[in-house]
Amino acid sequence: MRGNVVKRKNAPTKVSRRKFLSGVAMTGAATAVSVAGEGKAAVEAARPAATRPSTAAAQAELATQSVHVAPGTLPGRPGSDFMVDVLKSLEIDFVFSNPASSCRGIHESIVTYGRNKKPEFITCMHEESAVAMTHGYYKVAGKPAAALCHGTVGLQHAAMAVYNAWCDRAASIVMVGNRMDAATRQPGVPTIHAVQDPGSLIRDFTKWDDNPQSLQHFAESMVRAYKVTMTPPLEPVLMVLEEKLQEDAIEGGGRPLVIPKLNNVAPPAGDPNAVREAARLLAMAENPVIVVDRVGRTAAGVRHLVELAEALNAPVIDQLGRMNMPNNHYLYQLGGGGLIERADVILGLELTDLWGTVNNSDDSVEMAQVYRPKAGARLISIGMGDLYIRANYQDFERYQQVDIAIGADAETTLPMLTEYVKQAIPADRRAKIAERGDKARKGQAQARQRMLTQAAANAWDASPVSSARLSAEIWQQIKNENWALVSRDSSLSNWPHRLWTFDQHHQFIGGPGGAGIGYGLPAAVGAAFAHREADRRLCVNIQNDGDSMYAPGALWTAAHHKVPMLTIMWNNRAYHQEIMHLQRMANWRQRGIENPHIGTTIWDPYINYAKLAEALGHVGIGPITDPKDLAGAIKRGLDAVKMGEPVLIDVVTQPR
Amino acid sequence: MRKTFVFIAGATLSAAAFAASSAFAGQAAAPAGDVAKGKASFDRTGCWQCHGRQGQGGREGPRIASPVPMTWSVLSKFVRTTRGNMPPYTENVLSNQELADIYAYMRSIPPAPDFKTIPMLNGMMTTASAER
């Protein structure tokens, strides 16, 4: 079926498989009629009408000697080469993909025409991992990578990872292959894997999708996709790569193909009048509190937040959606016990869940819900959540009434807010605000001592290993390196955030956003790709054991593509949160608490993650059960990582 | 899922007082308990899942040992009647004697060392003090 040469009235030396195929289709239709009427012999007689011409015939028809027709080859440059040109124009560095027939055209173009550089085809072992890698990559690189998936089953695999990226406000360009034309699809699996509307599967949690029907359409839509995914609120987008566009030769004779220039969109700042009123409330507050989740969209966001906090000497409660603020700053708070209750003005910046921030909600039979702020406390929100919302999935959380709601990008709005705060502080309040800062400095030193005391109390020599001990042992050996944590640390009771010093934006990337399990390992690998490209930073991934088994093939991807990273398996041998849920059910129902381990634990047999990692191309160390063995294991692991090896250390741990 | 457990720590065993569900639970002095049996019950009933193998505490449950931060009276009332994120352990699932044994086990866990005696932690006090 591949290729042929047909004469084009206005472009005699150009070729068009599309036109040729139309001819085949017409012939085929005629043939079908004759099959019914004249039998097999007539079919055989009709077939030559669809065969390709010889080189001599083509040269004669096109009146040129430049055309050579080899049997079974495509004359001219395929459309997917142009698609690669578009990706290159956008400086897409990586295409994370599990290979698929519907993407074979662009796959071949990336690795051959594009020389497999910028973009490089990254071999993934699951489409969910491929998208999760783009998710982790974006949060370090600050720009999107692409994931390439089969249009149906591949995208079905990828869906959860797309939802995580959606909830986490992460840029990602998901590309899927598909063939709409039933007349040119192969029967069987290729047709089973074709779909009328690929985007419908994930349209509830993608910001935009398109199904271009020409290469020019593709160029414009891909540039638009990049622009859309990178405009706050950053969200994943979907591009369908029509198989025929990928595989057919680029048509000549028409208008030249043009790749539009990318225009980045300046994010919106808040309405000046609303921002000024918010500044007035904050400036006059006795106990202002700032709560942040994803305000550190870039390193600039961190600087702007520090400036605002220092202008007010207001504590900042970090919900760890991103690296928002240096955790050694005297105003930094993790958890912030009691601050919400004492505050008279609460400023929420890019919060996922403002309701959950200012309300306690017990997971109990009574479902007690308590509004935390004191009477009269004022609430201000700044974020993109009010500007962009969908109906179906409930990631927008419960509705929380506020006093001032500013729909804007918080990072962009902060400089204006800080300036207005400075203008709004009366001279007679400056001493009081300074005093607030002095108190915070003293409080931070005391809090540090409490933390270290608690760390020591945290079963320092216990086996399985405690979260505090493991965190301290890792920190001891990375603190003088150019390091980055490429995982969240909530499962370790946030001990890394309590013991380590995070003061660079790239050192922390938050969590999955949608709490979809299976994000951790591939997102860490994606982040490590970006760190490798940026500055060969030393990547540490503290990996939940249950999460890792959703897609352990991500380890192979890291090994295959020479991505060094130290993975510490936080091996508590359970889906631990679910154990607690089962305990809760059992206690509410008062009918025995003997069975919550059934279906929630990863015992019998224990998984040997070191051997698993070795099989997937890693240096495998462990299992470590005695904390006294940690220092040696970590040193051995780091030495290997510095030599460019990916390493996994299996550490058997306490539950949290 | 994150929010489900974030605030559990403050809502569990740190509560001050609740109505007693039995005369046993209201006793001022702890009844005699067996440390070994208490450890077995501590493991079997899953106390460690939130509070750690040595009662050291964590994100989902506060420290309950080294030393035990509450009296028997407060503990026994709380365990039976909590309405917070920690579910109540009634006598249907945990007998009075088992609770007394668990209390004995919790009390047997030795005090934590001073962090200043652990060089790795002591060093963190000084490095962290160089805050911005």
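The values are calculated or read from the model by the stated rules, or taken from the named source; none is laboratory data. Note that the structure is a prediction, hence the values are computed from the model and not measured. Neighbour counts are summed over all protein chains in view; Cβ atoms, including those assigned to glycine, are modelled from backbone coordinates with ideal geometry.
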From the option list A:389, A:433, A:346, single residue qualifying as part of a loop (DSSP other than H, G, I, E, B) and of a type outside the set (S, T, N, Q) is A:389
In region A:615-629, anything part of a helix (DSSP H, G or I) and touching a strand residue (DSSP E or B) at 6+ places or on another chain (Cβ under 6 Å) is listed as A:627
I'd like the full set of residues that are more than 22 Å from residue A:244 (Cα to Cα) and in a loop (DSSP other than H, G, I, E, B), limited to region A:201-223.
A:202, A:206, A:207
Please work out if residue A:553 is farther than 27 Å from residue B:120 by Cβ, buried (at least 22 other Cβ atoms within 10 Å of the Cβ) and in contact with a helix residue (DSSP H, G or I) (Cβ under 7 Å, 6 or more places away or on another chain).
no
The one condition in (1) assigned by TED's automatic domain parsing to the domain that holds residue A:544; (2) more than 13 Å from the chain's Cα centre (by Cα); (3) in contact (Cβ under 8 Å) with a residue 40 or more places away in the chain that residue A:527 fails to fulfil:
(2)
Within 7 Å of chain A (Cβ to nearest Cβ) and either modelled with pLDDT of 90 or more or not in a helix (DSSP H, G or I) (or both) - does that describe any residue in region B:61-78?
yes
Take the residues of region A:468-501 that are over 26 Å from the mean Cα position of the chain (by Cα) and more than 26 Å from residue A:563 (Cβ to Cβ): which is surrounded by the fewest Cβ atoms within 10 Å (Cβ to Cβ)?
A:499
Meets criteria (away from chain B (no Cβ under 14 Å) and under 30 Å from the mean Cα position of the chain (by Cα)) for residue A:389:
yes
Can we say residue A:105 is assigned to a helix (DSSP H, G or I) and touching an Asp or Glu at 6+ places or on another chain (Cβ under 8 Å)?
yes
Using the structure shown, decide if residue A:365 is more than 10 Å from every other protein chain (Cβ to nearest Cβ) and β-branched (Val, Ile, Thr).
no
Members of region A:294-342 found to be surrounded by 20 or more Cβ atoms within 10 Å (Cβ to Cβ), among the small types (Gly, Ala, Ser), touching a helix residue (DSSP H, G or I) at 6+ places or on another chain (Cβ under 8 Å) and part of a loop (DSSP other than H, G, I, E, B), listed by number
A:296, A:314
Within region A:594-614, considering residues that are in contact with a Pro (Cβ under 9 Å, 6 or more places away or on another chain) and in a helix (DSSP H, G or I), the one nearest to residue A:557 (Cα to Cα)
A:613
Region A:110-135, subset in a helix (DSSP H, G or I) and in contact (Cβ under 8 Å) with a residue 60 or more places away in the chain, residue nearest to the chain's Cα centre (by Cα):
A:135
Please work out which residue is surrounded by the most Cβ atoms within 10 Å (Cβ to Cβ), limiting yourself to region A:406-416 and to residues that are within 15 Å of residue A:292 (Cα to Cα) and hydrophobic (A, V, I, L, M, F, W, C).
A:410
Please indicate, with yes or no, whether at least one residue in region A:472-488 is within 28 Å of residue A:235 (Cβ to Cβ) and in a helix (DSSP H, G or I).
no
State all residues of region A:575-593 that are more than 7 Å from every other protein chain (Cβ to nearest Cβ), surrounded by fewer than 15 Cβ atoms within 10 Å (Cβ to Cβ) and either over 38 Å from the mean Cα position of the chain (by Cα) or not in a helix (DSSP H, G or I) (or both); if no residue qualifies, say none.
A:589, A:591
Condition broken by residue A:423, with the remaining ones in (1) within 30 Å of the chain's Cα centre (by Cα); (2) at pLDDT 95 or above; (3) not hydrophobic (A, V, I, L, M, F, W, C) satisfied
(1)
Quick one: residue A:487 ticks every box in (1) more than 12 Å from chain B (Cβ to nearest Cβ); (2) more than 26 Å from residue A:170 (Cβ to Cβ) except a single one, so which number is it?
(2)
Being outside any helix (DSSP H, G or I) and either of a type in the set (A, V, I, L, M) or in the same structural domain as residue A:580 (by TED's automatic domain parsing) (or both) is the filter here; which residues of region A:349-386 pass it?
A:349, A:351, A:365, A:367, A:368, A:370, A:375, A:377, A:379, A:380, A:382
Step by step: first the residues of region A:552-574, then only those that are of a type in the set (Gly, Ala, Ser) and modelled with pLDDT of 95 or more, then the one that is farthest from the chain's Cα centre (by Cα). Which residue is that?
A:559
If you go through B:55, B:123, the only one that is within 23 Å of residue A:448 (Cα to Cα), more than 7 Å from chain A (Cβ to nearest Cβ) and in contact with a Cys (Cβ under 8 Å, 6 or more places away or on another chain) is B:55
Matching option when the condition is of a type in the set (A, V, I, L, M, F, W, C) and modelled with pLDDT under 95, among A:485, A:492
A:492
